[in-house]
């Protein structure tokens, strides 16, 4: 679980409720189903117009990704690739076939399979990078959808407020309802702004982070697979792959290697 | 039919009406011909100033494209190109002449015709890419027009609201008309925002998607035509073309190929 | 005359007047010399600060360009260049000297003159592209000026409204003038928005279009001049130049060529 | 003196005063020291946070540059460089030493000195371009500072208005002060907008123009110095340097050359 | 200490207080804990959603960097590198081992260590540039965080104001509280704008400056280390490194060198 996402959204929501109490307001007055329907429903409707339906329907799936703390265990991956490299140099590339079963990551398994099959390095490279490209395109499409929602939500919040003002103004003679009418009208702007600034805008950034993290792992895999096939020195391979990690994590791997 | 566009626009409109009822308003009060004339008419007038007239007059045509669910049948196209490739290797490039009649797509027919005529590959490539370029330029001009409308609509919505406020303020002594005057003034902003955020903004994205999809099909055709002329191995051609599709659709073709 | 510009501006203005009548307002109340002075004058003053004076004073000239329907007669130009090419191959480059007189376009005449003078092709190319560059820089500076006005007009519209509100608020005790004061204050925003969204914003796009059209013609000329000097085959030259036109116009030239 | 800057700023200011009179206001009511302190002072304070102190303190110097009409006398420079070129070809590079004294421009003098010293052309080129780069970086930093002020001024204008509104609202019971309070509150927005749209925004553009003009002169110098060292033909050098000027000014030089 | 940051923030704050007094307000009325909680807390909560938690928790550290006046002593660094270069040419690269202890900068020590170890120049270059890259990525992530806060603060300021307006409007019958309610509601917008325009927006620029300054120092180090290993002439090395400094500071070094 990515605690930051949970803490941020729940904490931000709690702050709003505290602010309402503190300001002498009633939190229940901030809950209005009609306003939610206009803001969220309107923004969703606009997504259906602009994006393929299948993508809009997968929105929940994309959001769930932001909640999962990614654990790609790059360190473990690198030592695994180094072990494969040593084995391949000792016993030949075909010996890697026995390890295929254990590999959980489909991308890595596919790459090693191609090496075992004796595929041409250029073709392996182009197949794997093509695969990575497609993954990143899917991620980008998902991030664009979330980004679009974060922009449409305040737009429909504003539309809802204008709608509410028009209703209120049409019966302005009844002075007693002006205040309440305007308060309700402003609710959609409030919802739209919270949805955008507290939730969907930041979640879009998180999706971009997740994409970058996964792309790094896949690039380490591609680099490793091609080095194994090329018969590179396992020490040099390890150094090369470690250089792809940030310095802090690099040290961790080195210390562990020194211990062994 | 692209159901998403229909669902989104009708659904979004329905939500607005529901919201008006729910808020105690009268949907008929939201219909004001003068406001529609100012918002839509003003935005259209500005398009005439900034774009060639012929393009503005084709706006409906562009919008209809977004309603059509594109069905380029890339899978069928690829197997067709592979069949051509096999035939050409077996019976020579001239044998493709018999198939020209059956080809519905003008772009593909033109390309195969050039191959049959024995045109130089470099020239075929430049002719077809030039053609693709011109298609994409037309698409881009159409998308820019829609995009422009989606930005001018809220601008004229705002202009209409200021116009309404000025009228209302000029006779502010008559207190009973203030509310109604402001309500009517706000209608143009409401129209402009809905036109932009629910309809034309998202439709512009859809047009961009349609362009990308058509460009992909044309690129598959160009790649296929040049490979056929070059006498490439049909298996390699198939693999190359499949790599241009997203992974899911790729599998579908492979499974079908395996069945056969 | 570019009818679109006329129709758009007059039509947009007419729509505003219709809207005012329809809304029960008096169009004369929308005419206020002081507001025009602040909005237009202020925006013009800011142009003098940011642009060279000579350029600001040529603004009217730039605007007149957008009214002229460009008629570069690319088709005629291409057949002219092809005729030159044939003549040069038959009778030598010097024979083109006789045709120099008839050439109306200065750019083309200069290019052919350089060819007749036996100037080095590299130098011709650099001279003509340098000339084209300077033309495009002038166009870009003009477009930037118009663009700047389209952004300053609403800014000074807003400044005028604030100015009007301050005046109105300073004597708010006189309740009877509040409405009229605010109405007048809003006029500058109204003027600024119309100037920007109906007129100068779109005109800037038109200027960009005009620039692109002229650049295309000049590029066709450069390509043609260099091909004539290089002694290229007139048929290949024609095909090359036609490819620089959009498909529709290309066909027109071919059909005419076939008729002859 | 750059008359445009003077005319624009004074003219714009005069227009505002005329507008105030015309609208029935009192220009003195638009002068409020507290509002000036908040708008200008606040924007300046924010510059101290974001830019090096020395640069903020040089702001006046940067602004003075925009007032000076640049007179780089490119035409005179070019004929001077051509004269040097002829002399160097006739009497050798060392002969240029006599002319060093007369050169007012430090950049040019440094370049000629390097040539006289027999420095390697590659090193001269890298030294002079490095110098030019540093000059442009200083210009860019100055332009960014002015640009930043033009954005912070309206921001602090808005902050001042909110500040004024809060003060006014806190004692809203006293109805007689509402109007005056709001009028004063709006003054900061008025100041911020004028500072940004009439003065600092356009001045930033002027600084960019000045930078481009000076860079052009320095590039002509570098081109000339290197050609002199390389012993290029003075006629070719003149043609090359003239091509760096806009066409109009080019003609002026040629006509003068023809007269001589 | 970077005085500019201190002067700017304290000065800007003082100006606000002066402005409040001058406008007849009570500075204590501008202090409202609930408003601070909503603006600052809400913006922080949104940072937790969009950024890794560890980065948000380091925010204070990033801010402290902007307060420290960087003193990289490039001049001293350059003469140190020149001294090393001379020593290495006289006594061999191994002789530098004695100086390693004294080096405070870890980056420089690591580089010299690699040289002493006889590592391949290409590998040293890639290790050091990789290190520099990682440093800059960390800086960029920090700057993005501060930038994000500077954008979220006014957003939550606006959210707080809407929240306050809704509370106030819900009990609008009590006329006496309207003014105070609105005043309090506007406080969050005031806080958000000050946080963004006076503090965090400018601090982001300062962080970018700090990053550029540190990158320059590291680049001087890399250049120097590689030149020492390559056995370049110490004079040429000095000239090369000096060229990386702005002209003013360059002169200072040269004058000192001349004095010695």
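Quick note: the coordinates plus some simple rules give every number you see, no bench work behind them. Being a predicted model, the structure only gives us computed values, none of them experimental. In this analysis, Cβ positions are derived from the backbone assuming ideal geometry, glycine residues included, and neighbour counts consider all displayed protein chains.
Pop the C-beta distance of residue B:235 and residue A:122 into the FRET formula with R0 = 22 Å and round what comes out to the nearest 0.05.
Working: r = 17 Å, r/R0 = 0.77.
Calculated transfer efficiency: 0.85.
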Going by alpha carbons, how many degrees (0 to 90, nearest 10) lie between the helix axis of A:247-259 and the longest principal axis of chain A?
40 degrees
Quick note, segment C:134-260: a/c under 1.5 would make it rounded; otherwise a/b > b/c is prolate and the rest oblate (a ≥ b ≥ c, C-alpha gyration tensor); here it is prolate
For segment C:111-209, the fraction of alpha-carbon pairs in successive 10 Å shells from zero, as %
15, 24, 18, 15, 11, 8, 5, 3, 0
Which order do the peptides B:28-35, B:219-226, D:119-126 come out in when sorted by mean C-beta neighbours inside 10 angstrom, highest first?
B:219-226, B:28-35, D:119-126
What average number of partner chain Cβ atoms lie no more than 10 Å from the Cβ of the residues making up C:195-205?
5
So what does log10 I(q)/I(0) come out to for segment A:118-158 at q = 0.19, 0.30, 0.31 Å⁻¹, using the Debye formula with one equal point on every Cα and no solvent?
-0.63, -0.89, -0.92
Residue A:173/residue C:31 FRET efficiency (R0 25 Å; Cβ-Cβ; nearest 0.05)
0.15
How many angstrom lie between the Cα centre of segment E:201-241 and the Cα centre of segment B:25-69?
58 Å
Tell me, how many Å apart are the Cα centres for segment E:121-199 and for segment D:142-171?
17 Å
Among B:62, A:129, which comes first, then next, by fewest other beta-carbon atoms within 10 Å?
A:129, B:62
Can you bin every Cα-Cα distance in chain A into 10 Å intervals starting at zero and give me the percent of pairs per bin, rounded to whole numbers?
6, 22, 23, 17, 13, 10, 6, 2, 0, 0
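Under the rule a/c < 1.5 gives rounded, and otherwise a/b versus b/c splits prolate from oblate, where does the protein assembly as shown land using the Cα gyration tensor? Don't skip to the answer; put the middle values down first.
Details: a/c = 1.19, a/b = 1.19, b/c = 1.00.
Taking the square roots of the gyration eigenvalues as a ≥ b ≥ c, the protein assembly as shown is rounded.
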Burial ordering of E:175, A:210, C:254, fewest other beta-carbon atoms within 10 Å first
E:175, C:254, A:210
Taking 0.36 nm per residue of separation between residue D:136 and residue D:102 and subtracting their Cα-Cα distance, the length gained on full extension comes to 9.7 nm
Could you work out the helix-only [θ] at 222 nm for chain A, with each DSSP H run of four or more residues adding -39,500 (n - 2.57) and the total divided by the number of residues, to the nearest 500 deg cm²/dmol?
-25000 deg cm²/dmol
Run the simple label-point estimate for residue A:95 and residue C:208 please: 7 Å along Cα→C-beta, distance reported in nm.
6.3 nm
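For Cα pairs less than 8 Å apart in space and 6+ apart in sequence, what is the mean separation divided by the residue count of chain E, i.e. the relative contact order in percent?
Values: 236 pairs, mean separation 77.6, N = 260.
Relative contact order here is 30 percent.
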With label points built 7 Å along Cα→Cβ from the Cα atoms of residue C:219 and residue D:14, find their separation and express it in nm.
4.7 nm
